[in-house]
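A.B. asks: Below: one structure in structure tokens.
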Amino acid sequence: MSTLDRSFWTGRKVRAVDPTAIVQVGALCLRPGKSGQKVLLVKSSRGRWIIPKGWPMDGHTDAETAKIEAWEEAGLRKGRVSKAPIGGYVTEKRFDDGRVATCHVSVYRIDVKATTKTYPEAAIRKRKWMSLGKAIKKVDDVGLRAFLKAVK
């Protein structure tokens, strides 16, 4: 991730870090816990802890897309999604064919009310609720880690 150490953002406004970057939409799923707020992370196909995210969807707003991704990847059943992104980060998208591209991820907050054990990607994705502090330690993506630190 050395090429991106200089380029992440955490505020609501997207910075023009790389005009050739591809765009994804992410979901920061949160719920109250006994010792503070908990965040929901999922394992990527490469075994890294990430937030649910995916490509923008035709016919859906980015906020709706974030909620759909949270359902597909993490089993979100009920939750309130922010109308605007709460911030975002820059990462590298690694494709199966070996290509690597800069990716801007706009993140929407979802206050989770309920999840389910059965969801589309349950067989291929592990999910885990954890404190923001623990999540910051678990993620190895520089941009996502900086974003989570800014949320904390």
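The values are calculated or read from the model by the stated rules, or taken from the named source; none is laboratory data. All values reported here derive from a predicted model rather than from experimental measurement. Virtual Cβ from ideal backbone geometry, glycine too; neighbours counted across all protein chains shown. Surface areas here come from the heavy atoms of the whole protein model, side chains and all, with no ligands, DNA or RNA. Shrake-Rupley method; radii C 1.70, N 1.55, O 1.52, S 1.80 Å.
A.B. asks: Work out the FRET efficiency for M130 and A150 from their Cβ-Cβ distance, taking R0 = 22 Å, and round it to the nearest 0.05. Numbers along the way, then the final one.
C.D. replies: On the way: r = 17 Å, r/R0 = 0.79.
Working from the Cβ atoms, E equals 0.80.
A.B. asks: Evaluate the distance, in nm, between pseudo-label points positioned 7 Å from the Cα of R31 and of A114 along their respective Cα→Cβ axes.
C.D. replies: Distance between the two pseudo-spin positions: 1.2 nm.
A.B. asks: Another one. Under 18 Å from the Cα of K38, which aspartates and glutamates turn up, not counting those fewer than eight places away in the same chain?
C.D. replies: Those aspartates and glutamates meeting the cut-off are E73, D111.
A.B. asks: Could you list which residues have their amide H under 5 Å from that of G88, counting only those 5 or more apart in sequence or on another chain, with H placed in the peptide plane?
C.D. replies: T10, G11, V107
A.B. asks: Moving to a separate point now. As a quick test, which of the pairs K93/K149; K34/K93; K93/K117; K117/K152 have an alpha carbon distance above 25 angstrom in this structure?
C.D. replies: Values: K93/K149 21 Å; K34/K93 35 Å; K93/K117 28 Å; K117/K152 27 Å.
Listed pairs above 25 Å: K34/K93; K93/K117; K117/K152.
A.B. asks: I've got another one for you. Which shape class applies to the chain: rounded if a/c is under 1.5, otherwise prolate when a/b exceeds b/c and oblate if not, where a ≥ b ≥ c are the square roots of the Cα gyration tensor eigenvalues? Write out the running numbers ahead of the final one.
C.D. replies: Working: a/c = 1.38, a/b = 1.30, b/c = 1.06.
Taking the square roots of the gyration eigenvalues as a ≥ b ≥ c, the chain is rounded.
A.B. asks: A further question follows. So, with a 1.4 angstrom probe, what is the percent of accessible area on the chain that is carbon and sulfur?
C.D. replies: About 49 percent, which is the carbon plus sulfur part of the accessible surface.
A.B. asks: Which value, in debye to the nearest 20, gives the size of the charge dipole of the chain about its Cα centre, when Lys and Arg are +1 and Asp and Glu are -1 at the Cβ? Write out the running numbers ahead of the final one.
C.D. replies: Details: 32 positive and 15 negative charges, 201 e Å.
Dipole size: approximately 960 debye.
A.B. asks: Taking the Cα centre of each part, how many Å lie between the stretch 56-86 and the stretch 134-152?
C.D. replies: Taking the Cα centre of each part, the stretch 56-86 and the stretch 134-152 sit 20 Å apart.
A.B. asks: Same structure again: Per residue, how much accessible surface does the chain expose to a 1.4 Å probe? Answer in Å², no decimals.
C.D. replies: Values: 8390 Å² over 152 residues.
Value for the chain: 55 Å² per residue.
A.B. asks: Turning to a different aspect of this structure: Just add up the charged neighbours of S45: K/R +1, D/E -1, any other residue whose Cβ is under 11 Å from the Cβ of S45. Write out the running numbers ahead of the final one.
C.D. replies: Working: positive: K43, R46, R48, R94, R125; negative: E73, D96, E121.
Net charge in that neighbourhood comes out at +2.
A.B. asks: Using only DSSP helix segments of four residues or longer, with each worth -39500 (n - 2.57), what per-residue ellipticity at 222 nm results for the chain after dividing by its residue count and rounding to 500?
C.D. replies: Numbers: 3 runs with 30 residues, N = 152.
Roughly -6000 deg cm²/dmol at 222 nm, from the helical runs in the chain.
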